Amino acid sequence: MTDEKKLIRQAQRGNVDAFIDLLRTSENRLKSTAFALCPQEPEDLLQETYLASFKSIRRFHGNSSFYTWIYRIMLNLAYKKFRKNKQKEILARKTHLKSISGDTPVPEYEIDKKETIRSAISKLPLQYKEIITLYYFEEMSVEEIASHLNLNPGTVKSRLFTAREHLKNLVEPK
């Protein structure tokens, strides 16, 4: 039995230290994923993911790695936040209020390339943000992404192409 499986079993029996050890094995990847998926509130997303996974660890069946399982929880929470934020944006537009997010355009010369790209990624629809995150930040292959998200490789390639086009339009000056 691997160390991960032992820790999972211990965590499922209520051992908090074992659960914390599990989180530590995936901590860096989860942090970068949280920032890529939800750059405005990455720490909130991370904490919500930890809490939700702790509450549901007993339902983890071991059909995948712990990281894959907790990543799916994070992704579901990010989708929930995304839908909530979209509803706020629609409400703000309908009532002619200033954007709920309070984003003010920052001149491009004030931010470096990394921030420009992160900002552009944050504006992508979540299905494209997810593909970009997995491909570039998690360095997964198209086949791994397809397996991870339960999609056809052709769908992953198509979304990756579309995401790159959106990013190109967002990053390149008009």
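Take each of the peptides 49-59, 29-39, average the number of other beta-carbon atoms within 10 Å over its residues, and list them starting from the highest.
Most protected by this proxy first, the peptides run 29-39, 49-59.
Measuring from a point 7 Å past the Cα of Arg58 along Cα-to-C-beta, which residues in the range 13-35 have an amide N at less than 15 Å?
Flagged as within label range: 13-16.
Cross-link list Lys81/Lys168; Lys31/Lys55; Lys6/Lys80; Lys6/Lys129; Lys6/Lys31: which exceed 27 angstrom alpha carbon to alpha carbon?
Over 27 Å Cα-Cα: Lys6/Lys80; Lys6/Lys129.
Read-outs throughout are calculated quantities, based only on the coordinates presented, and are distinct from any laboratory measurement. Since the model is a prediction, treat every value here as computed from it, not as a measurement. Neighbour counts are summed over all protein chains in view; Cβ atoms, including those assigned to glycine, are modelled from backbone coordinates with ideal geometry.
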